[in-house]
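To start, the structure under review is shown below, and the notes come after it.
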């Protein structure tokens, strides 16, 4: 059967997310049914990942995902290669694969969301130039209403280039919620900020109090606040560049603490969660994760509140 004019137009002009969304809607299949069809063809893709592809939050990149796109073309009765053709050339991925462009490294850390390259057009490579993070410590504060309130971050950095004047940070709240806001700083100040409210995403340039020469080090501190209430069920750090020492902490209200917490890590959004280990809430109503030589990917904590599903049921935590 030939695609409808609307689907044919999307397959011709893109983007991938729109073409997929229209084709899925026309098929009458649910995402769970699509997942079952993919599984029957030997392709493992989560329902959450399919949803992200459909919304444009991320794009298929890994070989397994690209095979899934080929299967989707058959299942959705689309011309061979029509969806694949909207993805363009495959970007470098995997362990040991590095790009010389800071923009590519940042996109990789966030699993290549479709919206990010255009958002970063407002930043030049100089602003996105990375530093070496020798130490990173962050504390998320959760209120008695189970919502994230604020996060305090301390970074110990080393400049890789002469004339390093800033550090760039990226943050995400929930989709549809306003992005996190920098409200207090030490040894730096907020600079240019790019926001995408629909994704709850922001990129902020923190301007250092003094320029750094190559090899010079500095300690900075900043606070991020959530302008909209966001239910806190997890917290994790996206790593675009290795971090020598990392300490993450989540502080809960004495009146409302979770019944179970876990640490976890994952190399990509459509990859498997690994390194799961249960952790206890301390006497000061907090949980911690401490790691050395933090590698690329996502590393974090997730928890379950009383009356909810256990942490293992959380398939795809939203990024911080």
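Answer rounded, prolate or oblate for segment 113-232, using the Cα gyration tensor with square roots of eigenvalues a ≥ b ≥ c: rounded when a/c is under 1.5, else prolate when a/b is larger than b/c, else oblate.
It comes out oblate by the Cα gyration axes.
Need one number: the % of Cα-Cα pairs in the chain sitting beyond the 35 Å mark.
That tail contains 25 percent of the Cα-Cα pairs.
Just to be sure I understand the model, the point goes 7 Å from the Cα along the line to the Cβ. What's the resulting residue 210 to residue 278 distance in nm?
Spacing of the two 7 Å Cα→Cβ label points: 5.0 nm.
If you build a Gaussian network model of the chain, linking Cα atoms that sit under 10 Å apart, which residue out of 135, 200, 275 swings the most?
Judging by the Gaussian network model, the answer is 275.
Enter the Cα centre distance for the pair segment 207-273 and segment 39-64, rounded to the nearest angstrom.
Using only Cα atoms to place each centre, the spacing works out to 26 Å.
Given the options 129, 62, 25, state which has the largest fluctuation in a GNM of the chain using a 10 Å cut-off (strictly under) for Cα springs.
25
Would you please put 283-295, 34-46 in order of how densely packed they are, using the mean number of other Cβ atoms within 10 angstrom per residue and starting with the highest?
Per-residue mean Cβ counts within 10 Å order the peptides as 34-46, 283-295.
Can you give the % of DSSP beta bridges in segment 123-280 that are antiparallel, to the nearest 5?
Here the share of antiparallel DSSP bridges comes out near 85 percent.
Assuming R0 = 45 Å, can you tell me the calculated FRET efficiency for the pair residue 225 and residue 70, based on Cβ-Cβ distance, to the nearest 0.05?
0.50
Modelling each spin label as a point 7 Å along the Cα-to-Cβ direction, I'd like the residue 46/residue 161 distance in nm, to one decimal.
Result for the modelled spin labels: 3.5 nm.
List the residues of segment 158-186 whose backbone N lies under 18 Å from a point placed 7 Å from the Cα of residue 147 along the Cα-to-Cβ direction.
Answer for this model: 172-183.
With each label point set 7 Å from Cα along the Cα-Cβ vector, what nm distance links residue 29 and residue 77?
Reported label-point gap for residue 29 and residue 77 is 1.2 nm.
Just 227, 190, 63 to compare: in a GNM of the chain, with alpha carbon springs under 10 Å, which one fluctuates most?
Most flexible of the set in this elastic network: 63.
Report the convex hull volume per residue for segment 5-86, counting only C-alpha atoms, in Å³.
77 Å³
Coordinate-derived values only; no laboratory data. Given the structure is predicted, the values throughout are model-derived calculations rather than measurements. All Cβ positions, glycine included, derive from the backbone under ideal geometry; neighbour counts span all protein chains shown.
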